[in-house]
Amino acid sequence: MNILIAARLAFARIIATKTRSGLTMLGIIIGVMALIALVSVAQGATSGIQDQFKGLGARNLTITGTTNQSITVDDVIEIAREPGVDIVSETVSGRATISSNQASTRAQVIGVDSDYITVVDPDIFVGSFLPNVENTKDARLIVLSSSLASDLELDAYSINSTIAVGSTEFTVVGILDDADGFGSQGSAYIPLDTAFKYVAVPPYLSSITVQTINEEIVPEVTANLTSLLKARHNISGEREADFVIVDASQLLDAIGTVQQFLSLLLGGIASISLVVGGIGIMNIMLVSVRERTREIGIRRAIGAQQSQILTQFLIEAIVLSLVGGIIGVIIGEIVAYFLAQLGQWNFALSPTMILASLGFSMFIGVVFGVWPARTASKLKPVEALRFE
């Protein structure tokens, strides 16, 4: 029997039994839909996080201390002298109660120098970032993340209004766009010298951000800074360093690993539904073989070969699983799109994932269609003709 003729007969049989075929495909539809939606969510969410990390800058290194007194202002002076270092930005941080006229909350208060805006490039929603106030002592200006501004019931019209950090009044000069500023959620930014007076103890720093001349020398600069700081902090031999240096590529690699793990985990969970759908196809096909025993007997009596009967039933199983897979892909992509809109992460069609889902659904059809097809092809013509 020609494959095309067998496929046409399979489609005709499916159309003739629409309700049964629909219920048979339901397991495959749900399985493929879950597979597409869950993997798309994992990829979209981690892709959004990767985009935010990229916003930190591929040339940037972040040095943080393992204790509150690990890195100091003097370290910054020496780091700035290292070959390949372009800009060095220092930050301190502490938690404080921040109050507006409408609300109050505890939040992270970060003190930054004038180079912070160049190195990190935070996105401003309204107003401006901190002006260059390095030489102005006790400049009580503050920039809020949009989530913190929302907690304080402030909006775009609150620029130049006054809020309190502890018992000290600050003037709001800007609100950040949290969506594009990774790490800014729930934080407030004030000048470094002011932070040393209200939320931190000089000369100790929370972190140092180093921007290199180009991306290619990041590993070299990392190694040089590691040696420099170990020497300055009298760390030798196997003694554990009191600082950590991280670059954006390391963070992106870690996120990529997490994304692959999540995709495999969620894909494995969703694949269970596909296996259940395959079992449903096998059950229905076995019932179909029993119902069509007499038809099979007639076909065998007029010369149909076992291979032709096997091919027809196998193609029916594959068509059921493939059509179910196509419907599942369409529904899955629609669900993934709405979830991406709801979660505000990236949405993108993945041809590889679509082809893999359809291929897997066809594989399920073959695996679970072989037994019913083989059962049908093994029927003896005489016994099949006698079947009532």
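The values are calculated or read from the model by the stated rules, or taken from the named source; none is laboratory data. Here the structure is a predicted model, which is why all the values come from computation and not from measurement. All Cβ positions, glycine included, derive from the backbone under ideal geometry; neighbour counts span all protein chains shown.
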**Q.** Condition check for GLU238: modelled with pLDDT of 70 or more and among the charged types (D, E, K, R)
**A.** yes
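Among ILE77, ILE63, ILE87, ILE71, which is in contact with a helix residue (DSSP H, G or I) (Cβ under 6 Å, 6 or more places away or on another chain) and within 27 Å of ALA231 (Cα to Cα)?
Result: ILE87 is the single residue among ILE77, ILE63, ILE87, ILE71 that is in contact with a helix residue (DSSP H, G or I) (Cβ under 6 Å, 6 or more places away or on another chain) and within 27 Å of ALA231 (Cα to Cα).
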Turns out the strands (runs of 3 or more DSSP E) fully within the range 74-127 with at least 3 residues that are of a type in the set (S, T, N, Q), under 21 Å from SER161 (Cα atoms) and in the same structural domain as GLY166 (by TED's automatic domain parsing) are 104-112
Restricting the range 155-201 to residues that are acidic (Asp, Glu) and assigned to a loop (DSSP other than H, G, I, E, B), the one modelled with the highest pLDDT turns out to be ASP155
For the range 222-245, pairs from a residue that is touching a residue at least 12 places away in the same chain (Cβ under 8 Å) to a residue that is basic (Lys, Arg), with Cβ under 8 Å and 6 or more apart or across chains, are ALA241/LYS230
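Looking only at the range 324-365, filter to residues that are among the β-branched types (Val, Ile, Thr) and modelled with pLDDT of 85 or more; which one of those is surrounded by the fewest Cβ atoms within 10 Å (Cβ to Cβ)?
The selected residue is ILE334.
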Those residues of the range 186-207 which are in contact with a helix residue (DSSP H, G or I) (Cβ under 6 Å, 6 or more places away or on another chain) and over 12 Å from ILE110 (Cα atoms) amount to PRO202, PRO203
